[in-house]
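S.K.: Sharing a structure here in structure tokens format.
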Amino acid sequence: MFKKLSLSLSLLLACGVSAQADEVNIYSAREENLIKPILDLYAERTGTTINLVTGGADELTQRLELEGANTPADLLLTVDVGRLYRAKEAGLLQSVESEVLSSVIPAKYRDSEGEWFGISLRSRVVIYDKQAVQASDLSTYADLADPKWAGKICVRSSSNIYNQSLVASMISHNGVETTEAWADGFVANFGRPPQGGDRDQIAAVAVGQCQLAISNTYYLAGMLQSADADERAAAESVAVFFPDQNGNGAHVNVSGAAVTKAAKNRDAAVKLIEFLVSEEAQAWYAETNNEYPVRADVPPSELLQSWGSFKADDIALDELGIHNAEAVRLMDRAGWQ
Amino acid sequence: MTPLLELHQLSVALERTVIVRHISLQLEQGRIGCLLGPSGCGKTTLLRAIAGFERALDGEIRMGGEMVSDARHCLPVEQRQVGMVFQDYALFPHLSVRDNIGFGLRGMSAAARTARIEELAGMLKIADYLDVYPHRLSGGQQQRVAVARAMAPKPRLLLLDEPFASLDVELREQIAREIRQVLKQDGITAILVSHNQYEAFAMADEVGVMRAGELLQWSTPFELYHQPACEYVADFVGEGVFLEGRVLDDMRVQTTLGVLGGTELHGFAVDAQVRVLIRPDDVIHDDDSQKTARVLDKAFRGSQYLYTLEMPDGTHVLSLVPSHHRHAQGEMIGIHVEMDHLVAFPH
Amino acid sequence: MDTHTNKAPKGALSSLQRWLPTHPGTWVILGLCLLLSVPVLTVFSSITSSSDGVWGHLYETVLGDYVLHSLSLMLGVGLIVLVLGIGPAWLVTMTHFPGSRMLEWALVLPLAMPAYIIAYTYTGLLDVGGPVQSWIRETFELRFGQYWFPPIRSLGGAITMLALVLYPYVYLLSRTAFIEQSVCVLEVSRTLGATPLQAFRRVAIPLARPAIIAGLSLVLMETLADYGTVQYFGVSVFTTGVFRTWFGLGSSTAAAQLSAVLLLFILVLVLAEHWSRQKARYHHTSSKYTRLPRIPLQGWKKWAALAYCVTPVLFGFLIPFLQLLKWSTETWHLLDRDGFLGMFANSLKLASITALIALVLGLFISYTKRLRPSLALRGMVRVLGLGYAIPGTVVAIGVLIPFTWFDNSLDAWMRETFGIATGLLLSGTLVAVVFAYLVRFLPVALNTLDAGLGKIKPTMDDAGRSMGLTPLQILRRVHVPVMRGSLLTASLLVFVDVLKELPATLILRPFNFNTLAIRTYELANQERLAEASSTALMIVLAGIIPVIILNQTISRSRPGHDSTP
């Protein structure tokens, strides 16, 4: 009687979350329109029921933490590695051993203890005004602090996780002091106070407010494929530069997946991650959102290929999470809004 | 017979301040009582305590013999079967006059309800306005609606809080008499609160004079006027002056107006100094009298003049004189005193 | 009331009665208030915890900016909403000029426009790459930097955006006050030699002051709670600071403490408002009302009045609305139509449920406060009122903490006692979502209901009781019908607010549950403003109808029209 009652109650209240084998409950920081189609495909093919909540990675992690052992979530999807690291540190994830995953995903794009796995890659690059700047003028991230760029750089707020990860990688490579000195010079080169998103920085370069912008690769790709002719025109007036090709390589971040510690559908969740790194899903990622596939045997979209291949930073991605708070403090001190 | 309302040593406090102290009174079924006193004397608080809006600090209130309030218990207002008419009438703005009157009529058939509403509307002369909303009515009409609404459920006791205060002066006594008639017709027991003695006398069978939270006297208007229990009551009710006097014997007192005496024993010792109440109607204009007084001031009262007179020794008295006797200010007129009973207070 | 009275003997009437409720029903209400205050109290309780030096870092670097920017934001928004709210309210109520009838309701429309959506829209229009600046460059053959254009993404931009959508609060409340003012009072001032304008300044405004301040405090609380707009514009204020500290610096304690400082701001505001209201009582001294004699404006004055009143509607509603419409038609083919209907239904469902609950709860709380105003209850209601000033995300976490605690404790207990796992009963359900809405928006309902109840004379209660009605029957048969205008206003304000709400919904919602606001945000967050426009447009459209009803209700609120004899 009690069991029946509690079962029906939890069915009613928790929207049908119960422990059945072919079900996966996902907390996703990837917006619905960028993940649901591929999940639907998987659900249709395998008969798995997939339940999805999207939201900010930090908020979802907090929810996961507070819900504790009773959380309905089996899988956490994020769009940057810093949050995966944080969830791991908070003890919210569990180690997964999967031959598929470890064979398909290069070791540097997954957690050494198997607690998270990269699904797709994006690089944080320099976008430059094709008319005002030659590719030969550009070299490294460090070079962006050079006074020759004074008033010419547009970048978004330091509250943004991609900027935080970029600075964290620099701290990891060069130490706090060098990075802080760099940040001081970099901030001094800003063409305007940080504002808007990455697309806005690209737009600012297109109209000449700045000559250089810092952006993730898929934003420019999105603009180039935009329905809005003005936006396409703006994107066509700029070009991509991958920095540090003779050094550490361009900064790369991953979007990733992790099985939660309290997952009740662990096996189904692992299977879903395996699907997400399948050739089919990787190709979908590449085409839909212009991200770089995490597996080497799936080519990026034609558009991305047209930008050429690049050398990616080999840093252990954990480092980005480890140095995140320090990066924020450093940017606060440098006056990077 | 058990009185309908009985207060015994009742005290009431608001916000820890005692407003009403040790009040005892009784009101028989069908009688109309009035609490009379200046503003701030606690009469409204007493009324609200009877209604059940305020709790008793001490003492008790009984209705029909049943205890309704004491220091520990307070029967909720809605169970006391009292009706109340508020100073500002408190008519419900969202209801028509008909629905206002019918508001308290529950658990009766629609026909009986309509009959009662129309009966009251007839008695209170508001039958023409039954489907009008309150804000369209004049003050007097609103007041009648308020009375009708309170009377509708046939309360055991009807309470009226300064019911005539917002009416024009000319209307007050007239409406007071009309409402008295309606209450008597319906056999309703009622208590009203007023600071106006004429209203009180026009309406009530029994009047209580209050001062500073105390009930000084509870009796008929006649007794209140002619046998006031204390100087304050004598002064507050009606007009009159006090004359110094010396007791001659069981019946008579020597004053500047001569030897005064009634038909009853006054109860003071011989040679005691007392103050004698002289009402204007005790002082009779008499051209033949030896005693004369100077007219200081006069006020027209319709059929009578109220003269303020100065005695040769400088004391003032009031006299009611039929208005066909006209005397100028400063004129000397003859007077004599006629009283049924002597009202005197110790000096 | 009486100078001849003594103090009552101690113990006879305990002073406890003034502090604590004595009636069981009141305890229930008090308990409910306490429950709804949990998120606010959670934030406050953080003050004593240690934050491991994060405060030192904040103090040395960004705290000054947060304070300065937050204050500037409040000051700027406050000033503009007064100008945009009071003047038009008086003009459309007291004067007649071309279009004044239509403006009466049109001036309320921006209330349906969420601040983050107007921010996206104006950014799309006015940013360097937007059509306006492109047009300037092409027409005058200029390059960027050769002409001056105000940067939309700036503190000034945020002030403008927030003011444009928040001024209707001041407009609505001051208009209500103007409508209720007795014409006699205004006419007396005219006979004493004041011109209409002087009558406005010297009589109408001071009389409407409590309403204006109430509207202003709603605006300022919304301003402080705003996250979407300031974050999008990159303005560092307290709310953005809270998130940065919480997630960037990883210190939830310091973040909660920042929120607590934010609440102190509000507390000061609330107390200031309370103090200003206590100094004077503004009751209608006259009960005679006639039709408002509208002054017909002549010559340049009527065109000036028209321009003045059209400005807020134009910038707060018309321009962004048309821009959304344009984008929407351009991207209509990209819309996922099946999901769209579901989201629309979900948004309406949540908004209606919350509005209804807020109405019932608010009515009971407000009525209990009227009947038995114990200090405990009044204090609790004041704490509850702070919920409106807390950013939605903070409220959401403040709801998650107690809800998950309850669920997990119950689960542990049930496992131990009966061997049954109950799992998460409340968190992750719509119960949690609606609860969070109540924490945020019940104060809006309470404000309106308090004001409505306050206008009903206490003798109405007495009259009802003397006719044998219990307090609950009086509420149903007297108060509810008399104050139906306030009831409608309260529920519609909550309805519109819920429709616009984003962060709490995002965090607390159950699986597979979407609303219009969420979809709009997700697309805008991917910097796809044009694609976000269809859902944004639906939010606005769904909000317009209640907003217009709201305005009708207020127009009818004139005393003598349906209330106050």
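The values are calculated or read from the model by the stated rules, or taken from the named source; none is laboratory data. All values reported here derive from a predicted model rather than from experimental measurement. Virtual Cβ from ideal backbone geometry, glycine too; neighbours counted across all protein chains shown. Heads up: the accessible areas ignore ligands, DNA and RNA and are worked out on the full protein's heavy atoms, side chains in. Shrake-Rupley method; radii C 1.70, N 1.55, O 1.52, S 1.80 Å.
S.K.: As a test question: what accessible area, to the nearest 10 Å², does C:Lys301 have when a 1.4 Å probe is rolled over all protein chains in place?
M.R.: Answer for C:Lys301: close to 110 Å² accessible.
S.K.: Which translational diffusion coefficient, to the nearest whole µm²/s, is obtained for the range A:160-215 from the Stokes-Einstein equation, given a Kirkwood hydrodynamic radius over C-alpha pairs, 25 °C and 0.890 mPa s?
M.R.: Details: Rh = 12.3 Å.
In µm²/s, the coefficient rounds to 200.
S.K.: Also: Over all alpha-carbon pairs in chain B, figure out the percentage whose distance exceeds 38 Å.
M.R.: Values: 18244 of 60031 pairs.
In whole percent, the share of Cα-Cα pairs in chain B beyond 38 Å is 30.
S.K.: Here's another thing I want to ask about it. Counting each DSSP H run of 4 or more residues in chain C as -39500 (n - 2.57), what helix-only mean residue ellipticity at 222 nm follows after dividing by all residues, to the nearest 500 deg cm²/dmol?
M.R.: Helix-only estimate at 222 nm: -22500 deg cm²/dmol.
S.K.: Shifting gears a bit: Add +1 for every Lys or Arg and -1 for every Asp or Glu among the other residues with Cβ under 13 Å from the Cβ of B:Gly65, and state the total.
M.R.: For residues surrounding B:Gly65, the net value is -2.
S.K.: May I ask which residue of A:Val133, C:Gln552, C:Ala272 lies farthest towards the positive end of the charge dipole of the protein assembly as shown, with charges of +1 (Lys, Arg) and -1 (Asp, Glu) on Cβ and the Cα centre as origin?
M.R.: Among A:Val133, C:Gln552, C:Ala272, the one farthest towards the positive end of the dipole of the protein assembly as shown is C:Gln552.
S.K.: Oh, and also: Rounded to the nearest whole Å², what accessible area per residue is found for chain A with the 1.4 Å probe?
M.R.: On the way: 12290 Å² over 337 residues.
It amounts to 36 Å² per residue over chain A.
S.K.: Based only on Cα atoms, what mean projected area does the convex hull of the range A:143-187 have, in nm²?
M.R.: Taking the Cα atoms of the range A:143-187, their convex hull projects to 3.1 nm² on average.
S.K.: Computed on alpha carbon atoms, what radius of gyration and Dmax characterise the range B:124-252, expressed in Å?
M.R.: 18.5, 69
S.K.: What is the magnitude of the charge dipole of the range A:126-285 about its Cα centre, with +1 placed on the Cβ of each Lys and Arg, -1 on the Cβ of each Asp and Glu, and no other charges, expressed in debye to the nearest 20?
M.R.: The dipole of the range A:126-285 has a size of about 400 debye.
S.K.: Under 5 Å between amide hydrogens, which residues at least 5 positions from B:Leu14 or on another chain qualify, with H placed 1.01 Å from N in the peptide plane?
M.R.: B:Ile19
S.K.: Still on this model: Only helical DSSP H runs with n ≥ 4 go in: add -39500 (n - 2.57) per run for chain B, normalise by residue count and round the 222 nm mean residue ellipticity to 500 deg cm²/dmol.
M.R.: -6500 deg cm²/dmol
S.K.: While we're looking at this one, here's another question. Read phi for every residue in the range C:515-523 and hand back ³J(HN,Hα) as whole Hz from Karplus 6.51 cos²θ - 1.76 cosθ + 1.60, θ = phi - 60°, with x for Gly and Pro.
M.R.: Going residue by residue, I get 10, 4, 5, 5, 4, 4, 5, 5, 5 Hz, with x marking Gly and Pro.
S.K.: Let me ask you something else. What whole-number value in cubic angstrom gives the convex hull volume per residue for the C-alpha atoms of chain C? It would help to have the intermediate numbers written out before the result.
M.R.: Values: hull volume 121.3 nm³, N = 565.
That works out to 215 Å³ per residue.
S.K.: What's the local net charge at A:Thr61, with K and R +1, D and E -1, over the other residues with C-beta under 9 Å away?
M.R.: Once positives and negatives cancel, what remains is 0.
S.K.: Between exposed chymotrypsin sites (Phe, Trp or Tyr not before Pro) in chain C, where DSSP calls loop and at most 11 other Cβ atoms lie within 10 Å, what's the longest gap? Write down the numbers at each step before the final one.
M.R.: On the way: sites that count: C:Tyr147, C:Trp148.
Longest gap between qualifying sites, sites excluded: C:149-565.
S.K.: Would you mind giving the mean number of other chain beta-carbons within 10 Å of the Cβ of each residue in C:502-510, as a whole number?
M.R.: On the way: counts 0, 3, 0, 1, 6, 8, 4, 4, 8.
Neighbouring Cβ atoms belonging to other protein chains average 4 per residue here.
S.K.: Which value, in Å² rounded to 10, gives the accessible area of C:Arg477 with a 1.4 Å probe and all protein chains present?
M.R.: Surface accessible to solvent at C:Arg477 totals approximately 70 Å².
S.K.: Got a sec? Charge dipole of the range B:5-235, +1 on Cβ for Lys and Arg, -1 for Asp and Glu; which of B:Ile19, B:Leu36, B:Leu137 is way out at the positive end?
M.R.: B:Leu137
S.K.: Follow-up question, since we're still on this one. Using per-residue counts of other Cβ atoms within 10 Å, averaged over each peptide, order B:338-344, A:81-87 from highest down.
M.R.: Descending packing order for the listed peptides: A:81-87, B:338-344.
S.K.: Can you give the % of DSSP beta bridges in the protein assembly as shown that are antiparallel, to the nearest 5?
M.R.: 70 percent
S.K.: Here's something else I'd like to know. Please state the relative contact order of the range B:5-235 as a whole percent: Cα pairs under 8 Å, 6+ residues apart?
M.R.: Reported as a whole number, the value is 27 percent.
S.K.: Report the convex hull volume per residue for the protein assembly as shown, counting only C-alpha atoms, in Å³. List each step's numbers first, then the result.
M.R.: Details: hull volume 293.7 nm³, N = 1249.
Cα convex hull per residue, to the nearest whole number: 235 Å³.
S.K.: For the range C:475-481, what does the Karplus curve 6.51 cos²θ - 1.76 cosθ + 1.60, with θ = phi - 60°, yield as ³J(HN,Hα) per residue in whole Hz, taken in order and with x for Gly and Pro?
M.R.: Values per residue, Gly and Pro as x: 4, 6, 8, 10, 5, 4, x Hz.
S.K.: Just want to confirm a number: the relative contact order over chain A, from Cα pairs under 8 angstrom separated by 6+ residues, in percent. Present the calculation step by step, with values, prior to reporting the outcome.
M.R.: Details: 619 pairs, mean separation 91.8, N = 337.
In percent, rounded to a whole number, it is 27.
S.K.: Mind checking the alpha-carbon convex hull of the range B:7-155 and giving the volume per residue in Å³? Show your work: numbers first, answer last.
M.R.: Numbers: hull volume 20.4 nm³, N = 149.
Expressed per residue, the convex hull around the Cα atoms of the range B:7-155 is 137 Å³.
S.K.: Determine the alpha carbon to alpha carbon distance for each of B:Lys154/C:Lys457; A:Lys88/A:Lys311; A:Lys88/A:Lys261; C:Lys369/C:Lys455 and list only those over 19 Å. Show your work: numbers first, answer last.
M.R.: Values: B:Lys154/C:Lys457 25 Å; A:Lys88/A:Lys311 28 Å; A:Lys88/A:Lys261 9 Å; C:Lys369/C:Lys455 14 Å.
Too far apart for the 19 Å limit: B:Lys154/C:Lys457; A:Lys88/A:Lys311.
S.K.: Quick check: with the 1.4 Å probe, what order do C:Val434, C:Val480 take by accessible area, largest first?
M.R.: Of C:Val434, C:Val480, the descending order of accessible area is C:Val480, C:Val434.
S.K.: Long-range amide H contacts for A:Arg110: which residues qualify at under 5 Å (H placed 1.01 Å from N, peptide plane, sequence gap of 5 or more or a different chain)?
M.R.: It is A:Gly118, by chain and number.
S.K.: Let's see if you can work this out: charge +1 on each Lys and Arg Cβ, -1 on each Asp and Glu Cβ, no other charges. What is the dipole magnitude of chain A about its Cα centre, in debye to the nearest 20?
M.R.: Using Cβ point charges on Lys, Arg, Asp and Glu, chain A gives about 520 debye.
S.K.: Within 10 Å of each Cβ in A:55-61, how many Cβ atoms from other chains are there, averaged over the peptide?
M.R.: That works out to 6 on average.
S.K.: What is the gain in length, in nm to one decimal, between C:Ile549 and C:Ala260 on full extension, counting 0.36 nm per residue of separation less the C-alpha to C-alpha distance?
M.R.: Stretched fully, the C:Ile549-C:Ala260 segment lengthens by 100.4 nm.
S.K.: Oh, and also: Within the accessible area of the range C:336-407, what % is carbon and sulfur when the probe is 1.4 Å and the other protein chains stay in place?
M.R.: That share works out to 73 percent.
S.K.: Going by amide H atoms built from the backbone, whose H comes under 5 Å of the H on A:Cys154, apart from near neighbours?
M.R.: So A:Cys154 has HN proximity to A:Gly191, A:Gln211, A:Leu212, A:Ala213, A:Ile214.
S.K.: Rank these by accessible area, largest first, 1.4 Å probe: B:His94, B:His22.
M.R.: Heavy-atom accessible area, descending, gives B:His22, B:His94.
S.K.: Something else: At 0.36 nm per residue, minus the direct Cα-Cα distance, what do A:Glu113 and A:Glu177 gain on full extension? Give it in nm, one decimal, please.
M.R.: So the extension gain works out to 20.0 nm.
S.K.: Mind checking the per residue accessible area of the range B:239-346 for me, 1.4 Å probe, whole number of Å²? Don't jump to the answer; show the numbers that get you there.
M.R.: Working: 5560 Å² over 108 residues.
With the other protein chains kept in place, the range B:239-346 gives 51 Å² per residue.
S.K.: Report the semi-axes of the equivalent ellipsoid for the range B:239-346 in whole Å, largest first, where each axis is √(5λ) for an eigenvalue λ of the Cα gyration tensor.
M.R.: On the way: eigenvalues 136, 35, 26 Å².
For the range B:239-346, the semi-axes come out at 26, 13, 11 Å.
S.K.: About its Cα centre, how strong a charge dipole does chain C have in debye, to the nearest 20, once Lys and Arg get +1 and Asp and Glu get -1 at the Cβ?
M.R.: On the way: 43 positive and 28 negative charges, 499 e Å.
Charge dipole, chain C, about its Cα centre: 2400 debye, nearest 20.
S.K.: In addition: Suppose the chain between C:Glu60 and C:Thr470 were pulled fully straight at 0.36 nm per residue; how much longer would it get relative to their current alpha carbon spacing?
M.R.: 141.5 nm
S.K.: I would also like to ask the following. Summarise the partner chain shielding of B:77-83 as one whole number: the mean count of Cβ atoms from other chains within 10 Å of each residue's Cβ.
M.R.: 5
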